[in-house]
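Engineer: Here you go, one structure.
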Amino acid sequence: MEEVDPSLQALESRQEEILKRLYELKSAVDGLSKMIQTPDADFDVTNIIQTDEFSPLAKNGADLDLMLGKDYGALKDVVINANPSLPPLSLLVIHSLLCERYKILSAVHTHSSVKSVPENLLKCFGEQTKKQPRHEYQLGFTLIWKDVPKPQMKFSIQTMCPIEGEGNIARFLFSLFGQKYNAVTSTLIDSWVDTAILQLKEGSSKERGAVLRSMNAALGRSSWLVGTELTVADVVAWCALQQTGAANGAPANVQRWMKSCENLAPFSSVMKLLK
């Protein structure tokens, strides 16, 4: 067998290293480009906290390239603006669930429109840990505490209009798990999400009472609000109950369901923010 010239081997190795560095540089530049092109680029850099929570991709993880489009050399970024006076707890729960499924590069920023943010909200994604190169992550998840009337989300800065409202953003994020529902199930889930936001969270005490009775009836038939698995409806409804204080006087089936939610780590970690 013909021996390979050592100098040629060294040259090939050097070429590979240069290409790798160029790829990392391109990823970093693309990330900065996205931040510069969004109107939220004027956050206070001194308040940046970046973390990289992730766990190995589960066998039934969705193909993010298929769902969100292939973007060579750039990390897919979800950017959310939220008001710290009313934190969108459901989005924090879903972020934790996503971290169990995908390799997420998480970041928390403070916008200049907000004077101060409680320490627990600045660290809502956990303590800062060692970062890896951007291209090694599957998804970027950036939360900006900002003075906005309702949560806003952008995925593609150049081509996408903002998605507004906690319920709508929660639906988008939960869809990244790739779960498929039939038309009836999808409609029921959407209905519970709307009910949780409009009546549980924003409605009168009379409306909350009516919703709790409906939830109690539904949870008498199944473990979760819709079917036998956790859905975005459970996440949004649980968070609405926690934020309004309606959880204390909830009926028996609702109490049992709430405990089932709280036995899951993403829910129990968010409970710490309420203390």
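The values are calculated or read from the model by the stated rules, or taken from the named source; none is laboratory data. This structure is a prediction, so every number in the text was calculated from the model and none was measured. Every residue, glycine as well, gets a Cβ built from its backbone with ideal geometry; the counts of neighbours run over all protein chains shown. Ligands, DNA and RNA are excluded from the accessible area calculation, which covers all protein heavy atoms including side chains. Shrake-Rupley method; radii C 1.70, N 1.55, O 1.52, S 1.80 Å.
Engineer: How would 86, 241 line up by accessible area, probe 1.4 Å, largest first?
Structural biologist: Numbers: 86 100, 241 0 Å².
These residues rank, largest area first, as 86, 241.
Engineer: How much accessible surface does residue 147 have with a 1.4 Å probe, in Å² rounded to 10?
Structural biologist: For residue 147, solvent-accessible area is about 100 Å².
Engineer: Using R₀ = 25 Å, calculate the FRET efficiency as 1/(1 + (r/R₀)^6) where r is the Cβ-Cβ separation of residue 175 and residue 132; round to 0.05.
Structural biologist: Numbers: r = 26 Å, r/R0 = 1.03.
According to the calculation, E is roughly 0.45.
Engineer: Here's another thing I want to ask about it. Using 25 Å as the Cα-Cα cut-off, could you pick out the over-long pairs in 146/201; 76/146; 154/259; 201/272; 180/272; 103/201? Intermediate results must be reported in sequence, preceding the final value.
Structural biologist: On the way: 146/201 21 Å; 76/146 22 Å; 154/259 33 Å; 201/272 19 Å; 180/272 32 Å; 103/201 32 Å.
Going by Cα-Cα distance, 154/259; 180/272; 103/201 fall outside the 25 Å limit.
Engineer: State, to one decimal in nm, how far the label point of residue 222 lies from the label point of residue 190, with both points 7 Å from Cα in the Cβ direction.
Structural biologist: Placing both labels 7 Å along Cα→Cβ, they lie 1.7 nm apart.
Engineer: Still on this structure, please answer the following. What net charge is computed for the residues neighbouring residue 253, neighbours being all others with C-beta under 14 Å from the C-beta of residue 253, Lys and Arg scored +1, Asp and Glu -1?
Structural biologist: Values: positive: 213, 221, 256, 259; negative: 234.
Around residue 253, the surrounding residues sum to +3.
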